[in-house]
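The values are calculated or read from the model by the stated rules, or taken from the named source; none is laboratory data. Because the structure is a prediction, the values reported are computed rather than measured. Here the Cβ positions follow ideal geometry from the backbone for every residue, glycine too, while neighbour counts run over all protein chains shown. The accessibility values were calculated without ligands, DNA or RNA, using every heavy atom of the protein model including side chains. Shrake-Rupley method; radii C 1.70, N 1.55, O 1.52, S 1.80 Å.
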Amino acid sequence: GHVRNIRNGMTPEIEVAAICDVDPEAIARVQKEFGDIPAILMGDMNANENSQTYTKATETFVDTRHATENTSDACTFQNWGTVEKWIDYCFVSEDAFTVNSFAVVTDTYDGAHPSDHNPLSVSLTLNK
């Protein structure tokens with residue numbers, strides 16, 4: 001996997017990492033690079049909660065889905081309505097954010113899904 005930093009010009013004290021082809025080693029690189037800087041790690045991990053990838057991510061980061069009472073159990077990958085899997089995540093640095101809400105957007109348009117993945121909607125507050 002490879003890691004790409006997305007610089008957030010409006011809030012320079014927060015780093016966002018986009019990870020493609022995620023594996024535990026890629027997550028370890030993010031953990032090492034960001035250290036104590038508040039970070040958001042999100043995307044299609046192609047991994048479920050029982051995987052090495054998820055286990056590695058939750059050693060340092062918090063899964064926003066489980067960090068709020070305002071959450072969702074809808075699947076994130078539905079392959080145009082043919083399957084239900086949970087493989088997309090939004091993780092945040094531990095203690096750096098308050099997770100206000102978490103939702104999986106399941107809107108369809110004229111009965112059609114706009115993508116094979118349902119997007120995540122996460123409301124966060126940066127802890128000072």
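Carbon and sulfur: what percent of the stretch 17-94's accessible surface (1.4 Å probe)? It would help to have the intermediate numbers written out before the result.
On the way: 1870 of 4120 Å².
That fraction is 45 percent.
Once phi is turned into ³J(HN,Hα) by the Karplus curve 6.51 cos²θ - 1.76 cosθ + 1.60 with θ = phi - 60°, what whole-Hz value does each residue of the stretch 58-74 show in order, with x for glycine and proline?
7, 6, 10, 9, 9, 6, 4, 4, 9, 9, 8, 6, 8, 10, 9, 10, 5
Leaving out ligands and nucleic acids, and using a 1.4 Å probe, what accessible area per residue does the stretch 64-128 come to in Å²? Before the final figure, lay out each step's value.
Details: 3790 Å² over 65 residues.
Solvent-accessible surface per residue comes out at 58 Å².
Compute the signed sum of charges (Lys and Arg +1, Asp and Glu -1) over the other residues within less than 13 Å, Cβ to Cβ, of residue 102. Provide the component values of the computation, followed by the final result.
Working: positive: 65; negative: 63, 69, 73, 88.
That works out to -3.
Report the Cα centroid-to-centroid distance between the stretch 61-103 and the stretch 104-124 in angstrom, as an integer.
Spelled out, the Cα-based centre of one part sits 13 Å from the other.
Using modelled backbone amide H atoms (1.01 Å from N, in-plane), which distant-in-sequence or interchain residues come within less than 5 Å of residue 124's amide H?
Close amide H contacts, sequence-distant or interchain: 100.
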